[in-house]
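So the structure is just underneath, and the comments pick up after that.
The values are calculated or read from the model by the stated rules, or taken from the named source; none is laboratory data. What you are looking at is a predicted structure, and each value in this text was computed from that prediction instead of being measured. In this analysis, Cβ positions are derived from the backbone assuming ideal geometry, glycine residues included, and neighbour counts consider all displayed protein chains.
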Amino acid sequence: MCWGVPARVISIDSDVTATVDFLSGTLKKVVIGVDDLKVGDFVIVHAGVIISKITKEDVIENINFIAEQIRETALMTGEDADKAVKEFLNMAMKILGE
Amino acid sequence: MDFSLLPKQIEAVFRENSLLAKSILSQIYQITPLAMQKLKRERIKIMNFCGSHEWTTTHYGLRYMIPKEIELIPGPGCPVCVTPSSDIENIIKLAMEGFRIYTFGDVFKLPTVKHYKKDEVGSLAVAKSMNADVQIVYSFIDAVDDAKHNKKPSIFMGIGFETTAPSYAILFERNKVPENLLFYSSLRLTAPAAEYAIKLHKDKGSIPISGVIAPGHVSTIIGAMSWDFLPKEYKIPAVVTGFEPMDVIASILKILQMIYTENISYTELEYKRVATREGNKYAQNAINKVFVVTDAIWRGIGLIPKSGLALQEKYSKYDAKEQLGIKDVPWDYDLPPNCKCAEVTLGMAYPTDCPMFMKACTPAKPWGPCMVSMEGACSVWARFGSVQKVLNIMDEVR
C-alpha cells in the first residue's frame, strides 16, 4: 500500500491537520505526519497523512544516484563512464533549471 | 518559486524520459550476463514487495523492456489482499447489527469466504445494499470528523501497512478521536512477510530470490535500514525504490551490479527524493506510542509472527475487538475454491496461472482478494497485463 500522491501545503489548520492542494485544484484536509511543516511545502500524502516533504535538493540527490549507477556499470563493462553519465546529467539538470 | 513545477519536473526526469530509459536499459543488457555468470543461474529472480511497484512494472510494460533472463515477480505488498476474511466477516456482522462502518473503497468490495446469514451478505458492498450504514472514506481523519458530528456508534475498519499506521496513530496520540468511534485494527507489517516469502522460495527448492525492490513509501516511514536483514542475513541485494518507471529500472540495474560485485552489505536507497535510511521519526514515535506489535494472520497464508499492530492497552476504550468481545479464532483457510491468491501474494505463481483469472474472477466481479485493489497483482494484470499477452502471442507467431 504505497500509493502516495504529491501535493502542496495550502494552510496549517491545527496541531495535527493541514490543507493540501493535490496540484489539480483539489483541496483536502490531511493529518500532519512530518516535523516542521510549512505553508508552500511540497509533500507526499498517503491515505490522508503527509508522510514526507520533497525538495529540489532531494530530487537532485535521486538523479545523482541514478547517474552513479550508470557510471559504475560503464566502468564494469569497459565503456566511457564520463560520456555515459554526461548526457543524462545535462538533460536532467536542464529539466530542473539548474 | 512555482511549487507546481517540481512535480512536473519529477515526471519529466523519472517518467517521460526515453533517453534515460534507453541508457539504463542498455546497461542492464550489458551487465545481466555478468550477473548470471556470478550467480551460476540461467534466470535472475527479482521480487517487488509493493503493489504500486507491480502497477508501475505492468502498466509501463517493464517486463518486456528488460532481458528475458530477469524474472520480475510480485510480492505480498497489498494490504487489501492479505486482510483475513474473518475480519471482514466480523465487520459485516457489526454493520448489519447497526454500527456505522467507515472503510476505504477497496475494502468495501472485498469478498468474504463465509457469508452473514448463509448466502446473503458476502461483502460490505452487499451489506450497504441491504441498508447497513457503510461509509467509504478517503482517510481516518474524515471518519473522525464525521463521527464527531453524528455521534452514532461507529467503527473504523483499520487496514494498511506501516505507511497508513501514522494516519491512525497521530490522531489517537493527540486525543482527537471521539469515544463513539471504535477502531478495528487489521494493520500489517511488511518486513516479516518479506522474510516469510524469501524463506519460502528458498525452502521450496524453486529459483531463490536474487534481489528485492523494496517499498518506497513504507520505507519512508520505517527507513531503508529496516530492510538490512536482506543483505546482511540472506545476502540478497535490496533497493528502496520510487514509483516511476526510471526508478524501477534504475533499481534493477543497481541489484544486478550488487550481484556482480558481490558488494551486498546494506540496503541501497534509490528513492532519495522521498525516503531516508532512518525513516520518519515523527511518524515512528506516534506508531510506537499507540500500537503494539502482535502476531497476525495473512489471508490465504496463515499466521506470521510479529507481523501485525494492535492498539496498546491505554487505548483499549477504542479497541473494537476488546469493547465488543470479538475473540481471535485460529486461522482457517480463507480463500474461495480454486483461488490462487496466496501463491500470487507470495510470488509462487503469476495471476495468469490461476484458473479463475479473467474467467470467474474479474475486476468488475472479483472472486479472490487479489482482484479487488489497484495494488493487487491480479487486478493490475487484469487491467494492464493484456499488452504482455499480446506481445507473447506476437513472439510465438514470429
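A few notes on this one:
- Helices (runs of 4 or more DSSP H) wholly inside the range B:305-385 containing at least 3 residues that are in contact with a helix residue (DSSP H, G or I) (Cβ under 6 Å, 6 or more places away or on another chain) and surrounded by 13 or more Cβ atoms within 10 Å (Cβ to Cβ): B:341-345, B:377-384
- Hits in the range B:148-196 (condition: under 21 Å from B:W298 (Cα atoms) and either in a loop (DSSP other than H, G, I, E, B) or basic (K, R) (or both)): B:F161, B:E162, B:T163, B:T164, B:R188, B:L189
- Taking the criterion of being more than 11 Å from chain A (Cβ to nearest Cβ), more than 23 Å from B:G308 (Cβ to Cβ) and of a type outside the set (D, E), the residues of the range B:168-188 that qualify are B:P178, B:N180.
- Any chance A:V43 is more than 7 Å from chain B (Cβ to nearest Cβ) and part of a helix (DSSP H, G or I): no
- Only residues that are away from chain A (no Cβ under 12 Å) and either assigned to a loop (DSSP other than H, G, I, E, B) or among the hydrophobic types (A, V, I, L, M, F, W, C) (or both) were counted across the range B:253-304, and they come to 19.
- Residue match in the range B:115-132 (condition: modelled with pLDDT of 95 or more and among the charged types (D, E, K, R)): yes
- Selection status of B:S373, closer than 30 Å to B:K176 by Cβ, of a type in the set (G, A, S) and free of Cβ contacts under 8 Å to residues at least 12 places away in the same chain: no
- Condition met for A:E72 (within 21 Å of B:S251 (Cα to Cα), of a type in the set (D, E, K, R) and more than 7 Å from chain B (Cβ to nearest Cβ)): no
- Taking the numbered list (1) of a type outside the set (V, I, T); (2) more than 22 Å from B:I46 (Cβ to Cβ); (3) in contact with a Phe, Trp or Tyr (Cβ under 9 Å, 6 or more places away or on another chain) in turn, B:Y271 passes all entries but (2).
- Selected residue (criterion: surrounded by the fewest Cβ atoms within 10 Å (Cβ to Cβ)) from residues of the range B:238-264 that are without any contact (Cβ under 8 Å) to a residue 40 or more places away in the chain and in contact with a strand residue (DSSP E or B) (Cβ under 6 Å, 6 or more places away or on another chain): B:K254
- Residue within the range B:85-100 that is in contact (Cβ under 8 Å) with a residue 60 or more places away in the chain, surrounded by 24 or more Cβ atoms within 10 Å (Cβ to Cβ) and within 12 Å of chain A (Cβ to nearest Cβ) present: no
- Contact map, the range B:190-210: first residue closer than 15 Å to B:G308 by Cβ and touching a residue at least 12 places away in the same chain (Cβ under 8 Å), second residue among the aromatic types (F, W, Y) and part of a strand (DSSP E or B), Cβ cut-off under 7 Å, separation 6 or more or different chains; pairs are B:A193/B:W298.
- Only residues that are over 24 Å from A:F42 (Cα atoms), in contact (Cβ under 8 Å) with a residue 60 or more places away in the chain and either in a loop (DSSP other than H, G, I, E, B) or more than 8 Å from chain A (Cβ to nearest Cβ) (or both) were counted in the range B:2-27, giving 2.
- Restricting A:K83, A:K38, A:K53, A:K28 to residues that are of a type outside the set (D, E) and assigned to a helix (DSSP H, G or I) narrows the list to A:K83.
- The single residue among A:V5, A:V59, A:V20 that is closer than 26 Å to B:N17 by Cβ, more than 9 Å from every other protein chain (Cβ to nearest Cβ) and β-branched (V, I, T) turns out to be A:V5.
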